[in-house]
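As structure tokens, the structure follows; a few thoughts come after it.
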Amino acid sequence: MTCSEKTMREMTHVTVPSYLESLNEPQCKAAETTEGPLLVLAGAGTGKTRVLTTRIAHLFETRKAWPSQVLAVTFTNKAAREMKERLASLLGREVDGIWLGTFHSLCARILRRHAENVGLESSFTILDTDDQLRLIKQILRAENIDEKRWPPRVIAGVISRWKDRGLTPDKVSGSKFQGTSEDPSLHVYEIYQERLSTLNAVDFGDLMLKVLELFQTVPEVLESYQNQFRYLLVDEYQDTNVAQYLWLRLLAQKNSNICCVGDDDQSIYGWRGAEVSNILRFEKDFPGAVVVRLEENYRSTPHILGAASGLITHNEGRLGKTLWTQRDSGEPVLVRGLWDGQEEARFVGEEIENLHRKQEDLSTIAILVRASYQTREFEERFITLGVPYKVIGGSRFYERQEIRDALAYLRLIAQPHDGLAFERIINVPRRGIGNATLQLIHHYARIEQVSFSEACQTLVETDEIRGKARASLQSLLKSFDRWRQQSQTLKPSDLVQLVLDESGYTAMWQQDKSPDAPTRLENLKELVRALGEFDTLSGFLEHVSLVMDNNADDLSDKVNIMTMHSAKGLEFDTVFLAGWEEELFPSARSIKELGTKGLEEERRLAYVGLTRAKKRATITYASNRRIHGRWQSSIPSRFIDELPREHIDLVRATRGFGQQAPAWSAYPVKQRGLASEGHHFVQENLQENYHGVSSHRKEEAPFQVGDRVFHLKFGPGTVSGLDADKTAVDFDKAGSKKVMTSFLEAL
């Protein structure tokens, strides 16, 4: 039954299969076109999941295939579960036997069956990321490769990208992806694969790579799966990488009954290996392919769709479609210019409060940003307003690793007895202070009932800690003494910049070649900017404590904050898209590294962000941003100029939110420290308690010169001198040492 037949049967009151009743005509055509290659270009909010599940149900109900003859591939386990649930709901029963899952899970299933054909045993282990990094570290050490110059995480990323392209070590050699002669990645890759074979293990990239090897080297195995899978269905085809593309091509060679559903306008994961060209060349790869465009949107208003569609037409690398809806026009997309980032946060905060007063649930509201560091000003504004929020797809600003590390340095400057902070950064960046040294410090601090830092100060004067660890610890302690003195005269923002630079923490991330290193550096810059809003270090640390305590409750009704990448697949009644300025969005780094290709992916990201909105969308940009503690002028994103004017309401920036033209000196707004008297009282008493405990040491020396003693590390010896809580000992085998008296036992 074709879609036109479905329409005729509806007109003549003939019963239509229940699973087709809710479909529009293009959806119905996609569900019923079962033979030959089919590309379903499914725009945002057009019901692609419904089409996929209905197509599978149609195959079963028309007896074109048994469940075991259908292979359906998704990108996430969540999407696979959702498809199974919808399929069961459509058919009124659970479906057993269908091959439905992610690329990785399906390849693992195939590989277990045929492991011996590719040099594995069926009981092979799948390494996670931590195991993979540990193995690469072992290889680097064995090959005398400098980990600082070639970090294990960077090597792992390179290997992963090669596997995404279907490249085994022998195929990398001599290819354009090989890299420079100095780059050890290929050499490590070769040894890494040998070690995996010895361990009877694979990583996630190998799951696809080994099955490709299986299909290419054992034709009868490939043929058996080609015969079994009469129908292939692929979700999110625009996000496939080269290896996944090759895998699908091999399976579809015999029957060509492959249905790929995707949206070339939502391909935003190029940095992760996705190749938008896979979907763009579908008709060339599969001659005679039918292309069905799903363009009726069930999510957004005409103004939102008009703005998004007008924007994406500026991309040249696309197949083209125009979204439309039967919904009322709704509100135009508001494009609001603000004076600076603080005003942007105030404006968005007030808009959200107004919506909440009109009974809009906070959970239906989202703020989407291009870079994760942008979340800080919104988080702090919500703290001030008392608006609950959650950060999706990442940690809240002050919970991120690099921010916690930097805060630990600042806490230790403000409070020398903060043992938890000291322990966190004592070897970050690496200073050659290992676990044995840490255990020694903990042991002494516990015995003497002193703080971690006091224990360090004492132990570096003895031979308990020696070599590089001792020199590094002495240098670190001197640095903290110097920073504490400088904290009395320097502004907090200048102090944190000084500490990050002198400690080597900034340099550590600058030398890190991992993909997330630039983001961490941007977050550190944002932290410096945050301190510029405070007069005192203690006031800032108190403020952070309040921010960190924000999510103590478990309220489900919270504003959603996330990056645009994290928002893909989600939808909200109201969406605020913040920071639409040149170099921020589109990202200057993306354009610099990838040129036009990078710009088009940034534009697709803007399209994804806009189409998350159901009822209303607001785009904001700031005329000024404070970067590295200095104000810089910004210009609106080129994407704003590309929005069709008939679908937007543009309000340009004014000089000051809620006022006409404040003097330049009004920026930045200084915030006073929020520390309460009660908090200071507790801190002072803690300090007194620390000093009180440490003053209760034994006044009389427990040993005398000539006494025989035993030390856990240096063995037996004879006391040769006494000095307060330290004792000089002539050890029988280790020679003369000065050690802590509390570490000695009488013989």
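The values are calculated or read from the model by the stated rules, or taken from the named source; none is laboratory data. What you are looking at is a predicted structure, and each value in this text was computed from that prediction instead of being measured. Note: ideal-geometry Cβ built from the backbone for every residue, glycine included; neighbour counts use all protein chains shown. Please note that ligands, DNA and RNA were not included when accessible areas were found on the heavy atoms of the full protein model with its side chains. Shrake-Rupley method; radii C 1.70, N 1.55, O 1.52, S 1.80 Å.
What is the extension gain from GLU223 to GLU316, computed as 0.36 nm multiplied by their sequence separation minus the C-alpha to C-alpha distance, in nm to one decimal? Could the numbers behind the result be given before it?
On the way: separation 93, 0.36 × 93 = 33.48 nm, distance 3.86 nm.
Between GLU223 and GLU316, full extension yields 29.6 nm more.
Could you state the accessible area per residue of the chain in Å², with a 1.4 Å probe and every protein chain left in place?
46
Nearest 0.05, what FRET efficiency do ARG113 and LEU521 give at R0 = 41 Å with Cβ-Cβ as r?
E between ARG113 and LEU521, to the nearest 0.05, is 0.35.
Based on the alpha-carbon gyration tensor of the range 282-338 and its eigenvalue square roots a ≥ b ≥ c, which shape applies: rounded if a/c is under 1.5, prolate if not and a/b is larger than b/c, or oblate?
The shape class here is oblate.
Of all accessible surface on the range 231-277 at a 1.4 Å probe, what whole percent is carbon and sulfur?
Looking at the range 231-277 in its full context, I get 48 percent from C and S.
For the range 57-174, take the alpha-carbon Rg, divide it by the Kirkwood Rh, and send me Rg/Rh. Can you show the working numbers first?
On the way: Rg = 20.1 Å, Rh = 17.8 Å.
Here Rg/Rh amounts to 1.13.
Any idea what log10 I(q)/I(0) is at q = 0.16, 0.23, 0.30, 0.33 Å⁻¹ for the range 324-367, Debye with uniform C-alpha scatterers and no solvent?
Debye output, listed in q order: -0.59, -0.96, -1.10, -1.13.
Can you pull the percent of the range 111-199's accessible area that's carbon plus sulfur, 1.4 Å probe, other chains left in place?
Here carbon and sulfur together make up 44 percent of the probe-accessible area.
Going by the alpha-carbon gyration tensor, a ≥ b ≥ c the square roots of its eigenvalues, is the range 246-305 rounded (a/c under 1.5) or, if a/c is not under 1.5, prolate (a/b greater than b/c) versus oblate?
Oblate shape, in that a/c is at least 1.5 and b/c is the bigger or equal ratio.
Taking H as built 1.01 Å from N, whose amide H comes closer than 5 Å to the amide H of ASP725, not counting residues under 5 places away?
Answer set, sorted by chain and number: none.
In whole Å, how far is the Cα centre of the range 474-546 from that of the range 574-613?
30
What's the long-distance tail for the range 384-506, i.e. % of Cα pairs beyond 20 Å?
It works out to 48 percent of all Cα pairs.
Would you work out what percent of the accessible area of the range 492-614, with all protein chains in place, is carbon or sulfur (probe 1.4 Å)?
49
Say each of ASP732 and THR129 gets a label point 7 Å from the Cα, pointing the same way as Cα to Cβ; how far apart are those two points in nm?
Roughly 5.2 nm, to one decimal.
Based on the alpha-carbon gyration tensor of the range 81-143 and its eigenvalue square roots a ≥ b ≥ c, which shape applies: rounded if a/c is under 1.5, prolate if not and a/b is larger than b/c, or oblate?
Values: a/c = 5.55, a/b = 2.25, b/c = 2.47.
Oblate shape, in that a/c is at least 1.5 and b/c is the bigger or equal ratio.
Go through PHE215, TYR189, LEU477 and say which Cα lies farthest out towards the positive end of the charge dipole of the chain; charges sit on Cβ, +1 for Lys and Arg, -1 for Asp and Glu.
Of the candidates, PHE215 comes out farthest on the positive side.
Length gain on complete extension for the stretch GLU147 to ASN24, per 0.36 nm per residue less the alpha carbon to alpha carbon distance?
38.5 nm
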